[in-house]
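Data block below; observations after.
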Amino acid sequence: MLDEQDFRLKCEDAMTALFKALATASDEHDFEADFNNGTLTVEFEEPRAKFVVSPQTPVRQVWVSAHSRSFKLDWVVTREAFVLADSGQTLAELIAAHVSEHLGETISLS
């Protein structure tokens with residue numbers, strides 16, 4: 001398990017990269033991304049929805065709330081990424097999949 005400082009650094013890097021990718025994608029698609037106080041939100045006007053990505057330092061996970069579901073991602077050293085164990089998706093892949101599902105069109109966050 002990562003120590004707290006390593007977790008915070010990796011989380012900040014991952015969330016900043018994700019926010020930048022979302023901000024770029026939002027120029028072409030109908031959603032807004034915001035990164036404030038360590039929490040990333042993605043908001044949609046139609047149909048109305050909000051996804052939240054937040055670090056959970058005590059358990060060294062990144063939690064995602066999307067489509068009335070909760071996802072918990074762990075740091076995987078061999079992939080150098082936060083990964084959802086069930087699907088093997090990285091944080092960016094998971095968010096891209098859910099944003100694409102919500103919009104009804106494929107977006108890429110890579």
Worksheet item: Where a ≥ b ≥ c are the square roots of the eigenvalues of the C-alpha gyration tensor, would you call region 64-110 rounded, which needs a/c under 1.5, or, failing that, prolate if a/b is larger than b/c, or oblate?
Response: oblate
Practice prompt. Kindly write out, for region 103-110 in residue order, the coupling ³J(HN,Hα) from the Karplus curve 6.51 cos²θ - 1.76 cosθ + 1.60 (θ = phi - 60°), rounded to whole Hz, with x marking Gly and Pro.
Written response: 7, x, 8, 7, 10, 10, 10, 9
Worksheet, complete the sentence: Scoring the chain by relative contact order with C-alpha pairs under 8 Å, at least six apart, yields a percentage of 18 percent
Worksheet item: Hey, what angle do you get for helix 4-26 against the long axis of the chain, alpha-carbon based, 0 to 90 degrees rounded to 10?
Response: 10 degrees
Worksheet item: Looking only at GluC sites (Glu not before Pro) in DSSP loops with at most 14 other Cβ atoms within 10 Å, what is the longest site-free stretch of the chain?
Response: 46-79
Item to complete: In whole Hz, with x marking every Gly and Pro, tabulate ³J(HN,Hα) for region 82-91 from phi via Karplus 6.51 cos²θ - 1.76 cosθ + 1.60, θ = phi - 60°.
Response: 7, 10, 7, 4, 4, 10, x, 6, 6, 4
Discussion item. In Å, what Kirkwood hydrodynamic radius results for the chain from the alpha-carbon pair distances?
Written reply: 14.0 Å
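Just so you know, all these numbers are worked out from the coordinates, no wet-lab data involved. Because the structure is predicted, anything quoted here is derived from the model rather than measured. Positions of Cβ are generated from backbone atoms using ideal geometry, with glycine treated the same way; all protein chains shown enter the neighbour counts.
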